[in-house]
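Quick note: the coordinates plus some simple rules give every number you see, no bench work behind them. Quick caveat, the model's predicted, so the values are computed rather than measured. Reconstructed Cβ throughout: ideal geometry from the backbone, glycine too, with neighbour counts over all protein chains shown.
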Amino acid sequence: MKKLVITFIALYSAFALTACPDGGGGGTTMIPTCPATHVFDSNQNACIPINGSGIVTPNNGPVRYYDFNRRFQQSGWGVQQQQGDMQIVNRDAYKSFLKESMAVCDRLIHGYDAWLARCDSWTSGSFELAVQIGQNLRPFLSFTAYPAPSYFQGYLSIGVHGGGMIFNPLVLSSDTTFSLINNSKGFEIRAYGSYMNGGGLRLIQIQVHQGTLADGYLNYELWYPYNGHATKIATGKLKRF
């Protein structure tokens with residue numbers, strides 16, 4: 001009999017939370033549902049292949065994915081734009097993410113913001129997401145934003161600032177979680193904003209309704225609280241790199 005090799009994806013936790021996109025915590029504890037050619041082994045806390053055809057090479061390192069809506073590059077022909085798979089589906093909720101979690105714009109409590117100090121100048125720019133997940137299934141997230149390039153925009157911000165740091169990129173690696181959802185057919189990553197930015201301590205969710213960490217790309221949704229409710233701000237396709 002061929003030696004059974006445990007896939008990297010078999011490192012999924014035996015107890016997973018089924019999460020709803022309402023941003024609330026909690027869930028129902030369940031045993032993961034394994035693929036048809038695998039069976040769950042509680043001793044190894046893993047899905048293992050039950051026949052030779054299920055043998056794969058184990059992944060001993062972290063997996064990395066990325067996506068973006070657009071990128072800008074200066075060339076001899078002017079500013080060139082590259083399109084990604086990310087689509088911003090709620091502009092107002094996206095502005096809240098830029099203001100609260102990243103603190104890159106609309107930072108005044110009282111006063112006047114203009115040009116690049118306003119979040120409106122950033123919503124037409126670049127937004128990038130990078131995800132890294134190691135064998136311990138602790139996610140590492142990075143969000144990076146750039147305003148759309150313009151030779152005619154400056155930065156003007158006069159008044160009383162809310163204080164705090166700017167987080168660009170916003171890097172989240174502590175208190176991040178990885179859980180199976182959709183009857184173990186997909187997974188969800190949860191994180192909160194930086195503790196150094198009180199306005200950004202809100203739940204951030206990346207949901208993959210169908211797919212595993214063995215896949216080369218994953219369709220996902222990005223959720224963030226807006227007006228007191230978890231709101232889908234972006235969709236796209238995470239590509240492995």
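Computed values, structure above
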{"item": "Radius 14 Å from Cβ of Lys237, net charge of other residues (Lys, Arg +1; Asp, Glu -1)", "result": "-3"}
{"item": "Pairs from Lys99/Lys239; Lys99/Lys232; Lys185/Lys237; Lys185/Lys239 whose Cα-Cα separation, in the structure shown, is over 20 Å", "result": "Lys99/Lys239"}
{"item": "Highest average packing first - 99-108, 232-241, 80-89, 164-173, Cβ atoms within 10 Å", "result": "99-108, 232-241, 164-173, 80-89"}
{"item": "Net length gained if the chain between His229 and Val171 were fully extended (0.36 nm per residue, minus Cα distance)", "result": "18.5 nm"}
{"item": "Counted charge near Lys99, where neighbours are those whose Cβ lies closer than 12 Å (Asp, Glu -1; Lys, Arg +1)", "result": "-1"}
{"item": "Global form of the stretch 63-240, assessed from the alpha-carbon gyration tensor, a/c cut-off 1.5", "result": "oblate"}
